[in-house]
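Note sheet for the following structure.
The values are calculated or read from the model by the stated rules, or taken from the named source; none is laboratory data. Everything numeric in this text was worked out from a predicted model, so none of it was measured. Cβ placement follows ideal geometry from the backbone for every residue including glycine, while neighbour counts extend to all protein chains displayed.
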Amino acid sequence: MIGIDLSGKTALVTGSTQGIGRAIAAGLARAGAAVAVNGRSEDSVQRAIQELAADVPEGRFVAAAGDVSTDEGVRAVLESVPTTDVLVNNLGIFGAQPALDIDDEEWRRYFEVNVLTAIRLIRGYLPTMIDRGWGRMINIASDSAVVIPTEMIHYGMTKTSLLAVSRGFAKAAAGTGVTVNSVIAGPTHTGGVEDFVYELVDSELPWEQAQREFMRTHRPQSLLQRLIEPEEIANLVVYLASPLASATTGGAVRVDGGYVDSILP
């Protein structure tokens, strides 16, 4: 079997100080890439790098601090990491809110963080990838892009937008050696998701029971019938970042535990 080797490649993962982003950073480093770790503050990035270095002793990590939901933060990251071979747009916010209570400001905030952040960084890195004739752009979407959740339709809207962004920029990069894909991640076990689960089920329940109740009542379509672990998302991202995925572009690739009840995407 051919292994995944990213030796000599660089990668930037936004929102990689915790959760799915941190798992992706670790996975890319294990495959040999030098990984730029991004978070809003220098302190949080340095803590994450220390933790990642302990988990992946052979890994190479550099700091790319900056709040990429802002123009200033994007500029700071681009200055720290002027070029990269792999861009993973992982940063995102989510939260439960009744549909009619979502005001204009909140709609704009979700679109700014979850969609425009990715677009800004794609604009920043795509030209040099095209010039070199190789690159990987991966946008972390969600099952919520396809199955819009009633408790957070603003989040679902942004993830649907990311699918369109990925497809459109894949066309812009056609024939250049650069691939652009989105990953449809299913319900995943992170600290933030634990808080979200307890917003929707009895907060007195032990975690394993709360997780089962959440999946039963709020995500019954899941064929996995459990939350996905961040490392399982990372495995797919590492593949898409590799030379092995050279013929996969413009796609919405699922690692959703069978949650989306359709044959495609």
If we only count helices (runs of 4 or more DSSP H) wholly inside region 176-245, which ones have 3 or more residues that are closer than 17 Å to Ser144 by Cα? 191-200, 207-218
Can Ser161 be described as within 24 Å of Lys9 (Cα to Cα), small (Gly, Ala, Ser), within 18 Å of the chain's Cα centre (by Cα) and crowded, with 19+ Cβ neighbours inside 10 Å? no
Cβ contacts < 7 Å: first residue touching a residue at least 12 places away in the same chain (Cβ under 8 Å) and among the polar types (S, T, N, Q), restricted to region 182-211; second residue buried (at least 19 other Cβ atoms within 10 Å of the Cβ) and in a strand (DSSP E or B), any location; separation 6+ or different chain. Result? Ser182/Asn139; Ser182/Ala141; Ser182/Ala252; Thr188/Ile228
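Give the residue that is farthest from Ser182 (Cα to Cα), with candidates limited to residues of region 122-160 that are part of a loop (DSSP other than H, G, I, E, B) and either touching a Leu at 6+ places or on another chain (Cβ under 9 Å) or among the acidic types (Asp, Glu) (or both).
Residues of region 122-160 that are part of a loop (DSSP other than H, G, I, E, B), as a first pass: 133-134, 146-152.
Still in the list and also either touching a Leu at 6+ places or on another chain (Cβ under 9 Å) or among the acidic types (Asp, Glu) (or both): 146, 151.
Details: Val146: 13, Glu151: 23 Å.
Restricting to residues being part of a loop (DSSP other than H, G, I, E, B) and either touching a Leu at 6+ places or on another chain (Cβ under 9 Å) or among the acidic types (Asp, Glu) (or both), the top hit is Glu151.
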Only one residue in Ile228, Ile184, Ile263 is over 15 Å from the mean Cα position of the chain (by Cα) and either of a type in the set (A, V, I, L, M) or within 19 Å of Ile138 (Cα to Cα) (or both). Which one? Ile263
Working carefully through the options Val113, Val147, find the one that is touching a residue at least 24 places away in the same chain (Cβ under 8 Å) and either of a type in the set (Phe, Trp, Tyr) or farther than 21 Å from Leu227 by Cβ (or both). Val113
Cβ-Cβ under 7 Å pairs, at least 6 apart or on other chains, region 59-86 side charged (D, E, K, R), far side modelled with pLDDT under 95: none
For Pro206, state whether it is farther than 30 Å from Asp131 by Cα and surrounded by fewer than 16 Cβ atoms within 10 Å (Cβ to Cβ). yes
Residue, surrounded by the fewest Cβ atoms within 10 Å (Cβ to Cβ), within region 74-120, restricted to residues that are over 23 Å from Met152 (Cβ atoms) and acidic (Asp, Glu): Glu79
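I'm checking my understanding of the structure. Among residues of region 164-175 that are in a helix (DSSP H, G or I) and out of contact with any helix residue (DSSP H, G or I) (no Cβ under 8 Å at 6 or more places or on another chain), which one is farthest from Ala247 (Cα to Cα)?
Ala164
Would you check if Gly135 is free of Cβ contacts under 8 Å to residues at least 60 places away in the same chain, touching an Asp or Glu at 6+ places or on another chain (Cβ under 8 Å) and under 29 Å from Ser246 (Cβ atoms)?
Answer is yes for this residue.
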Take Ala34 and decide whether it is of a type in the set (A, V, I, L, M, F, W, C), under 20 Å from the mean Cα position of the chain (by Cα) and within 28 Å of Thr176 (Cα to Cα). yes
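With the structure loaded, tell me whether Ala234 is under 30 Å from Lys9 (Cα atoms), in contact with a Lys or Arg (Cβ under 8 Å, 6 or more places away or on another chain), modelled with pLDDT of 95 or more and surrounded by 17 or more Cβ atoms within 10 Å (Cβ to Cβ) or whether it fails that test. It would help to see each step written out before you state the result.
On the way: under 30 Å from Lys9 (Cα atoms): yes; in contact with a Lys or Arg (Cβ under 8 Å, 6 or more places away or on another chain): no; modelled with pLDDT of 95 or more: yes; surrounded by 17 or more Cβ atoms within 10 Å (Cβ to Cβ): yes.
Criteria not met by Ala234.
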Please find, among Leu12, Leu6, Leu28, the residue that is crowded, with 23+ Cβ neighbours inside 10 Å and either among the basic types (Lys, Arg) or over 18 Å from the mean Cα position of the chain (by Cα) (or both). Leu6
